[in-house]
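One structure is given below, encoded as C-alpha cells.
The values are calculated or read from the model by the stated rules, or taken from the named source; none is laboratory data. None of the values given here were measured: they were computed from a predicted structure. Reconstructed Cβ throughout: ideal geometry from the backbone, glycine too, with neighbour counts over all protein chains shown.
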Amino acid sequence: MLVQVPAQQRPPSAKDAERARRAKAIELIAETADTARGFKDLFYRARVQTLAADALWPHDEERARMIFRRAWEAATAFDKAEQEAEERESGVPSTLPITEARDEVLAKAASRDAKLADTFLRELLNEKKEDEKAAEQAQQPTQRRTPWREVSAAGMRRLALAYELLNRDEPARAAEIVAPVTNEGVSGDLITFILRLRERSFADADALYARLLERARSDALADANDALLLSAPIISPQLLVVVDNQGALQFRPVPRATTNALPPIAPPVRNIFYSIAANILQRPIVPRAGASTTPEAVALYFAIGRLLPFFEREAVQYVPGLRLRNATLANEIEAGRRERLDSQSGLNSLTPTRPGDPLRSQVDQLGRARDAADRDRIALSIVRKAAGLKLWDRARRSALEIENLGLRRAALSFLAVNQIADLLRAFAEDKEANFESMAKFVRGADAPPQALAWGLAQAATIAARKEDKESAAALLDEAAAFAARTPAGTEQRVAAYIAVARLAAGIDAKRAWELLPEVVRAAGAAEDYAGDDVSIEIVLDESHAEMALEPLSISADVFRLDGFFATMAHLDSEKALAAARSIGKDLPQSFAMLAVARAMLNTGLRTQNSGHRRKNDFAFIPSSES
C-alpha cells in the first residue's frame, strides 16, 4: 500500500539544499561587505569590499556593482589621505599621484566588467582631459615623436591594468581594456603588450594588432620607426628595434615567457601590414627646419633593408619600389655606416644561442668590489638570484663568502627556507627521494621554527603518499610542535599553524580540525595580522637591511588564511564558518568568511595578487634553534 506524504513533511531535495546553501553564501558575502564599511582602515575597507564584490558578481551583479562603487570611494579616500600625508612630510606637493588602493579595485572590476573599470579609470585619470591632450599632441607630433613613441599617462595606466589582468589569465578582458590605446597610434609599449598577449591568446592579440594597423593606415605622420615597430609581431617577436634621432639603432628585447610554439599571424592581417609598411617606407622625407635629413634617411634605409627579405617572400608586388627607394637612400649614407646597418638588419633576438652562466654579471661585479661591505652586498645578491634559480650549491658557496657574520647567517637562513619551500617540487621530480631524508634535511636546517614546521608538514605529505600513515601522523605531530615554538602573538605563529593545518587537511581531516583552533587563536592574538599576507621575509637589522637593498622575502601560498579556510570549508562549511566567526579580529575574520562563502558557492579561490603591500608580510627571524 502506498502512503502519500504531505509536501511539507518531505525531506528537502538536493536541489533545495543547494539553493539554500548558495543563498546563505551570498548573504554571508553581503554581510562581510557591510561589516567592512565600518573598518577604520580605509585601505582594508576598500580591499575587503572589492573581494566581496568580486565574489558576489556572478550571483548578484547589481549588488556587486554597488559594493565595487563603495570600495572605489574608500580606495580614493585612502589614496588621497596617503598623498596628503606624504606632502606634509616632505613639505612639497607630490608630482605623482598615489593610486595603490584604487589600483586593486580597478584590477578586480576590470576582470568583471571592462565598462565599470573604464568608469573608474576615467575618474582616476580625469581621462577626458587626457584624451584632449592626446588629440593636441597628435596635431603637434614633435611632442611625441620619440623613437619608441611614448604612450600617454592614460595609456600607460590602461597598459598597467591590462598586464594585471593578463597575469590573472584574463586575456580577453586585458585586450578590451587596452583597445582605446590604439587610438594613440603605434608605440613600443603597445607592441610589447600585443606580443605578451599573444602568448596567452593569439586571437585577442591579433585582433588588437589588426586594430592598430588600421590606425597606422590613417596616420599621415607614420614613418620608418612605425613600420619597424609594427613589423615585430611578424618578423621578430622577441626583439623590437628603432632608429633614434642621431641615426643609431636602439633595441628592446621581449623574452618569451613560454616555449610553446605560437601560430603565425593570419595571412589577411599580414597582407595589411605589408601594404601599410610599403606605403610608409616609400613616402618622401619631410625636412625639419634647421635639421639634417640624414637620421630619417638612415631609419628608412635600415627599415627597408630589414623588411625587404620578408616582402620578397610574402608581398612581392611591393619589392621593385622598395628596392629603388633603398638604392636612392644608399647614395645619401656613407659606406661605413651602410655596412654597419646592413650587418644588423637581420637581427631578430638578443638572446645568445648558448646561454652562459646566469650569475656571471654578479660574479664579475664581485671581482670589482671596493671593500668588504661591497663584497658582502654583491655576494648576498648572488645568493638571492641563485636561490631563485634553485642553484643551491652556488647559493651556499656565496653565502659562506659573506664576511659579516649576521648577514651570512641571514643569507644561509634565506637559502634554507627556499630549499624547504621547494621540497614538494623536488620530490615530484625525484621519485627516489623519501620522506625520511626530507625530514632529516629539515631538522638540520638553520631556519626558524615556522620554516621547520612547514618543512616537516611537507615531509608528512610525502609519507602519506607513500601510504605510511603512522610516519605521516608522527611528522605532523612534530610539525605542530615546531609551530608551537614560534612566539605567541606574532604573525610567524599564524603562518606556522596555517601551513601545518593546511597540509594536514590533505592527509588526515581529523588532525586538521584539531589544529583549526590553534589557527584561530593565533590569528586573533597577532597584533598586526590582517589576514591577507602571502609572503615571508627574513628579518634583518637596520645595517644589514641597508646592505641587502631589498627584503629577503619568499612568497608562499600555503600561508594564506583564506586558502586554509577554503580548504576547511570544502570539508565542512558549517564548521569552517563557525571557526571563521570566532576569530577575534575583524580583518582576518573577514578574509576567512569570504573564503568560506566562496567555497560554499564552489567558485574557487581567486588569487589575491595586488602587487602592493602596506607592510612586510610573514617574517622569518633567524634563530639558533634547530
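Could you list all residues from the range 65-96 that are over 19 Å from PHE39 (Cβ atoms) and either buried (at least 21 other Cβ atoms within 10 Å of the Cβ) or β-branched (Val, Ile, Thr) (or both)?
Kept after step one, since they are over 19 Å from PHE39 (Cβ atoms), are these residues of the range 65-96: 65, 83-84, 86-96.
Within the range 65-96, VAL92, THR95 meet the criteria.
So which pairs qualify, if the first residue must be in the range 148-169 and closer than 17 Å to GLU184 by Cα, the second must be in a loop (DSSP other than H, G, I, E, B), the Cβ gap must be under 6 Å, and the two must be at least 6 apart or on different chains?
That search, which allows pairs on different chains as well, returns ARG149/VAL186; ARG149/SER187; VAL151/SER187.
Please work out which one of (1) farther than 14 Å from GLY455 by Cα; (2) touching a residue at least 24 places away in the same chain (Cβ under 8 Å) is the condition ALA501 fails and give its number.
Unmet for ALA501, out of (1) farther than 14 Å from GLY455 by Cα; (2) touching a residue at least 24 places away in the same chain (Cβ under 8 Å): (1).
Output the residue which, of all residues in the range 357-401 that are under 18 Å from ALA447 (Cα atoms) and over 27 Å from the mean Cα position of the chain (by Cα), is surrounded by the most Cβ atoms within 10 Å (Cβ to Cβ).
The extreme case among them is SER398.
Find all pairs meeting these conditions: Cβ atoms under 7 angstrom apart; at least six residues apart or on different chains; first residue within the range 516-535 and touching a residue at least 24 places away in the same chain (Cβ under 8 Å) and under 19 Å from LEU577 (Cβ atoms); second residue small (Gly, Ala, Ser) and outside any helix (DSSP H, G or I).
VAL520/SER582; ALA523/GLY531; GLY524/GLY584
Considering only residues of the range 31-55 that are of a type in the set (A, V, I, L, M, F, W, C) and surrounded by fewer than 21 Cβ atoms within 10 Å (Cβ to Cβ), which is farthest from GLU574 (Cα to Cα)? Write out each step before concluding.
Of the residues in the range 31-55, the ones of a type in the set (A, V, I, L, M, F, W, C) are 33, 36, 39, 42-43, 46, 48, 51-53, 55.
Checking the rest, the ones that are also surrounded by fewer than 21 Cβ atoms within 10 Å (Cβ to Cβ) come to 39, 42.
Details: PHE39: 26, LEU42: 30 Å.
That would be LEU42.
Does any residue of the range 398-410 turn out to be in a helix (DSSP H, G or I), of a type outside the set (Asp, Glu) and touching a Gly at 6+ places or on another chain (Cβ under 9 Å)? Write out each step before concluding.
As a first pass, look at the range 398-410 and keep what is in a helix (DSSP H, G or I): 398-400, 405-410.
Checking which are of a type outside the set (Asp, Glu) leaves us with 398-400, 405-410.
The next check asks that each one be touching a Gly at 6+ places or on another chain (Cβ under 9 Å); those that pass are none.
Scanning the range 398-410 turns up no residue that is in a helix (DSSP H, G or I), of a type outside the set (Asp, Glu) and touching a Gly at 6+ places or on another chain (Cβ under 9 Å).
Checking the condition in a helix (DSSP H, G or I), among the charged types (D, E, K, R) and closer than 22 Å to ASP533 by Cα, which residue from ARG122, ARG47, ARG70 passes? Explain how you work it out, then say what you get.
Numbers: ARG122 fails: closer than 22 Å to ASP533 by Cα; ARG70 fails: closer than 22 Å to ASP533 by Cα.
ARG47 is the lone residue from the list that is in a helix (DSSP H, G or I), among the charged types (D, E, K, R) and closer than 22 Å to ASP533 by Cα.
One line per residue, one yes/no per condition, for (1) surrounded by fewer than 24 Cβ atoms within 10 Å (Cβ to Cβ); (2) closer than 16 Å to PRO517 by Cα; (3) touching a Cys at 6+ places or on another chain (Cβ under 9 Å):
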| site | (1), (2), (3) |
| --- | --- |
| ASP557 | yes, no, no |
| PHE565 | no, yes, no |
| MET568 | no, yes, no |
| ALA597 | no, no, no |
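Mind checking whether some residue in the range 360-380 is at pLDDT below 90 and either in the same structural domain as ILE554 (by TED's automatic domain parsing) or over 30 Å from PRO551 (Cβ atoms) (or both)?
No, the range 360-380 has no match at all.
Could you run through the range 71-97 and say how many residues are touching a helix residue (DSSP H, G or I) at 6+ places or on another chain (Cβ under 8 Å) and at pLDDT below 85?
So the count comes out to 3.
Taking the condition of being surrounded by 14 or more Cβ atoms within 10 Å (Cβ to Cβ) and assigned to a loop (DSSP other than H, G, I, E, B), how many residues in the range 222-261 meet it?
Result for the range 222-261: 9.
Scan the range 51-58 and tell me whether some residue there is touching a residue at least 24 places away in the same chain (Cβ under 8 Å) and not in a helix (DSSP H, G or I).
Filtering the range 51-58 for residues touching a residue at least 24 places away in the same chain (Cβ under 8 Å) gives 51-58.
From what is left, the residues that are not in a helix (DSSP H, G or I) are 57-58.
Yes: one or more hits.
Contact list please: Cβ distance under 6 Å, first residue in the range 85-107 and more than 18 Å from LEU124 (Cβ to Cβ), second residue of a type in the set (S, T, N, Q) and surrounded by 11 or more Cβ atoms within 10 Å (Cβ to Cβ), pairs at least six apart or on different chains.
GLU87/SER94
Out of ALA224, ALA172, which single residue is over 26 Å from the mean Cα position of the chain (by Cα), assigned by TED's automatic domain parsing to the domain that holds GLY305 and either of a type outside the set (Ser, Thr, Tyr) or at pLDDT below 95 (or both)? Full working, then the answer.
Details: ALA172 fails: over 26 Å from the mean Cα position of the chain (by Cα).
Every option except ALA224 fails the conditions.
State whether one or more residues within the range 108-119 are farther than 17 Å from VAL178 by Cα, within 26 Å of the chain's Cα centre (by Cα), without any contact (Cβ under 8 Å) to a residue 60 or more places away in the chain and not assigned by TED's automatic domain parsing to the domain that holds VAL178.
The answer is no; no qualifying residue exists.
Take VAL269 and decide whether it is aliphatic (A, V, I, L, M), within 33 Å of the chain's Cα centre (by Cα) and modelled with pLDDT of 95 or more.
Values: aliphatic (A, V, I, L, M): yes; within 33 Å of the chain's Cα centre (by Cα): yes; modelled with pLDDT of 95 or more: yes.
It is true that VAL269 is aliphatic (A, V, I, L, M), within 33 Å of the chain's Cα centre (by Cα) and modelled with pLDDT of 95 or more.
If you check ASP446 against the conditions, is it surrounded by fewer than 24 Cβ atoms within 10 Å (Cβ to Cβ) and without any contact (Cβ under 8 Å) to a residue 12 or more places away in the chain?
Details: surrounded by fewer than 24 Cβ atoms within 10 Å (Cβ to Cβ): yes; without any contact (Cβ under 8 Å) to a residue 12 or more places away in the chain: no.
When the stated conditions are applied, ASP446 does not pass them.
Filter the range 12-34 down to residues that are free of Cβ contacts under 8 Å to residues at least 40 places away in the same chain, within 29 Å of GLU73 (Cβ to Cβ) and small (Gly, Ala, Ser), then give me how many there are.
Residues in the range 12-34 being free of Cβ contacts under 8 Å to residues at least 40 places away in the same chain, within 29 Å of GLU73 (Cβ to Cβ) and small (Gly, Ala, Ser): 3 in total.
Identify the residue in the range 495-538 that is of a type in the set (Val, Ile, Thr) and at pLDDT 95 or above and, among all such residues, is farthest from LEU51 (Cα to Cα).
First, the residues of the range 495-538 that are of a type in the set (Val, Ile, Thr): 498, 500, 507, 519-520, 534, 536, 538.
From what's left, at pLDDT 95 or above: 498, 500, 507, 519-520.
Details: ILE498: 21, VAL500: 26, ILE507: 30, VAL519: 22, VAL520: 21 Å.
Ranking the qualifying residues of the range 495-538, first place goes to ILE507.
If you take the residues in the range 70-100 that are hydroxyl-bearing (Ser, Thr, Tyr) and under 27 Å from the mean Cα position of the chain (by Cα), which one is nearest to PHE43 (Cα to Cα)? Quick ask: steps written out before the conclusion?
Of all residues in the range 70-100, those hydroxyl-bearing (Ser, Thr, Tyr) come to 76, 90, 94-95, 99.
If we keep only those that are under 27 Å from the mean Cα position of the chain (by Cα) as well, we get 76, 94-95, 99.
Values: THR76: 9, SER94: 20, THR95: 22, THR99: 11 Å.
Top of the filtered list is THR76.
When residues of the range 579-602 are filtered for being among the basic types (Lys, Arg) and in contact with a Ser or Thr (Cβ under 8 Å, 6 or more places away or on another chain), how many remain?
0
Of the residues that sit in the range 370-398 and are touching a Phe, Trp or Tyr at 6+ places or on another chain (Cβ under 8 Å) and not charged (D, E, K, R), which one is farthest from SER413 (Cα to Cα)?
Kept after step one, since they are touching a Phe, Trp or Tyr at 6+ places or on another chain (Cβ under 8 Å), are these residues of the range 370-398: 383-384, 386-387.
This time we only want the ones that are not charged (D, E, K, R), so: 383, 386-387.
On the way: VAL383: 11, ALA386: 14, ALA387: 11 Å.
Checked the range 370-398; the qualifying residue farthest from SER413 (Cα to Cα) is ALA386.
Residues to consider are LEU324, LEU308; find the one that is surrounded by 15 or more Cβ atoms within 10 Å (Cβ to Cβ), without any contact (Cβ under 8 Å) to a residue 40 or more places away in the chain and assigned by TED's automatic domain parsing to the domain that holds LEU229.
On the way: LEU324 fails: surrounded by 15 or more Cβ atoms within 10 Å (Cβ to Cβ).
Result: LEU308 is the single residue among LEU324, LEU308 that is surrounded by 15 or more Cβ atoms within 10 Å (Cβ to Cβ), without any contact (Cβ under 8 Å) to a residue 40 or more places away in the chain and assigned by TED's automatic domain parsing to the domain that holds LEU229.
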